[in-house]
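J.: There's a structure below that I have some questions on.
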Amino acid sequence: MEAITFAGLMGAVVGSFLNVVAYRLPRHESLVSPGSHCPHCGVPVKPYDNIPIISWLLLRGHCRACEGPISPRYPVVEALTAALCVGAVLAHHTAVSVALSIVLILLVVPAALIDLEHRIIPNRITALGAVLALAIGLALDPAGEPERLIAGAAAGGFLLLAALAYPGGMGMGDVKLAGVMGLLLGPAVAPAVLIALLAGVLLGAVIIARKGAREGRKTAVPFGPFLAAGALVAVFAGQPIVDLYINHFVH
Ligand SMILES: [Zn+2]
C-alpha cells in the first residue's frame, strides 16, 4: 500500500516536472531556473499554487495574479503520470521490471508531448533513457541484458528500415525512441511497435478518408505519440501478449 501511495505522489510530482521538460527542452530553456511562472503575466507561481493537480483545480485553471487561463494539459499530464506509475507498481513484481517500466513512462510522456508540438524527439531524452535503461538493467538484472539489447537493436533496426522506406513518415528520433523502448521493454517491444504501426496506419487512413488522398498525404502526423501509446500498452500487457504469441505459434 505504501508503495502505491508513494508511486502516485511521486508520479504527480514528476509529472509536474515532465510538463516543464516538455515545454522548455525543445525551446532550449533551463529546466530549473527561472521557476514556474504564469505564461501571461510572468508572475512566479507561489509554492502553494504549484501543487500538482490540486492547485489547478482550486484555481479553476486560472493564474492567481492575472486570472489568465492555465492549460488543462498540466493537470492532465500530472494525473496521467501518477496513474501510470501506480499501474506500473501494481502490474510488475520484480524490482527491475518496476524500475524499467517507470523509466519508460517518464520517457515516453514528454517524448510524445514534444513530438506532437514540435515534430522532434530530442536526443537528450532518448540518450538519457538509454543510459538509465542500461544502468538499471545491468544493476538489477544483468542476466536479462542481452535479451533487452537484442530487443533494442531489433526495434531500432525495424524502425530504421521503415524510416528509409517512408522518409516522410518517420524520423531518426522515432528510430532512437524505438531502440530505447526495446532496452526498457525487452521482447515486449514487439507488440509495442506493432500497435504503434497499426494505430498510425489506421489514423492515416482516417485522415485520407476525411480529407481526400491529396490533402491527407500532406497532413504530417508525428509517429512519436503512437510509439508512446504502444509502449504504454506493452508496459501493462506486453508480456501476456508475448506469452500468448509464443504459446500459439512457437510451441
Ligand atoms: Zn498570470
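J.: Find the helices (runs of 4 or more DSSP H) located wholly in the stretch 137-249 whose residues include 2 or more that are buried (at least 16 other Cβ atoms within 10 Å of the Cβ), and list them.
T.: On the way: elements: 145-165, 172-185, 189-211, 213-218, 224-245.
Those helices (runs of 4 or more DSSP H) span 145-165, 172-185, 189-211, 224-245.
J.: Please find, among Val89, Val77, Val43, Val32, the residue that is open to solvent by less than 40 Å² (accessible area, probe 1.4 Å) and at pLDDT below 95. Write out each step before concluding.
T.: Working: Val77 fails: at pLDDT below 95; Val43 fails: open to solvent by less than 40 Å² (accessible area, probe 1.4 Å); Val32 fails: open to solvent by less than 40 Å² (accessible area, probe 1.4 Å).
So the residue among Val89, Val77, Val43, Val32 that is open to solvent by less than 40 Å² (accessible area, probe 1.4 Å) and at pLDDT below 95 is Val89.
J.: Restricting attention to the stretch 111-128, does a residue exist that is in contact with a Pro (Cβ under 8 Å, 6 or more places away or on another chain), in contact (Cβ under 8 Å) with a residue 40 or more places away in the chain and of a type in the set (Lys, Arg)?
T.: yes
J.: Can you say whether Ala112 is over 18 Å from the mean Cα position of the chain (by Cα) and open to solvent by less than 30 Å² (accessible area, probe 1.4 Å), as far as the supplied structure shows?
T.: no
J.: Could you list all residues from the stretch 206-228 that are over 15 Å from Leu184 (Cβ atoms) and small (Gly, Ala, Ser)? Don't jump to the end; show me each part of the working.
T.: As a first pass, look at the stretch 206-228 and keep what is over 15 Å from Leu184 (Cβ atoms): 206-226.
Ala209, Gly212, Ala213, Gly216, Ala220, Gly224 - these are the residues of the stretch 206-228 that are over 15 Å from Leu184 (Cβ atoms) and small (Gly, Ala, Ser).
J.: What pairs come up if the first residue lies in the stretch 188-214 and is more than 24 Å from Ala155 (Cβ to Cβ), the second is open to solvent by 70 Å² or more (accessible area, probe 1.4 Å), and their beta carbons are under 8 Å apart, counting only those six or more places apart or on different chains?
T.: Ile208/Arg217
J.: Shifting gears a bit: Can you spot a residue in the stretch 193-214 that is closer than 17 Å to Gly129 by Cβ and under 17 Å from the mean Cα position of the chain (by Cα)?
T.: Of all residues in the stretch 193-214, those closer than 17 Å to Gly129 by Cβ come to 193, 196.
Of the ones still in play, those that are also under 17 Å from the mean Cα position of the chain (by Cα) are 193, 196.
The answer is yes, given that some residue of the stretch 193-214 is closer than 17 Å to Gly129 by Cβ and under 17 Å from the mean Cα position of the chain (by Cα).
J.: Taking Leu59 as meeting all but one of (1) open to solvent by 50 Å² or more (accessible area, probe 1.4 Å); (2) within 16 Å of the ligand (Cβ to nearest atom); (3) of a type in the set (A, V, I, L, M, F, W, C), write down the number of the exception.
T.: That leaves (1) as the condition not met.
J.: Using beta carbons and a limit of 9 Å, which pairs, at least six apart or on different chains, have the first residue in the stretch 23-43 and aliphatic (A, V, I, L, M) and the second one away from the ligand (no atom under 16 Å from the Cβ) and part of a loop (DSSP other than H, G, I, E, B)?
T.: Listed pairs, sorted by first residue: Leu25/Leu31; Leu25/Pro122.
The values are calculated or read from the model by the stated rules, or taken from the named source; none is laboratory data. Computed from a predicted structure; not experimentally measured. Virtual Cβ from ideal backbone geometry, glycine too; neighbours counted across all protein chains shown. The area values use the complete protein model at the heavy-atom level, side chains included, leaving out ligands, DNA and RNA. Shrake-Rupley method; radii C 1.70, N 1.55, O 1.52, S 1.80 Å.
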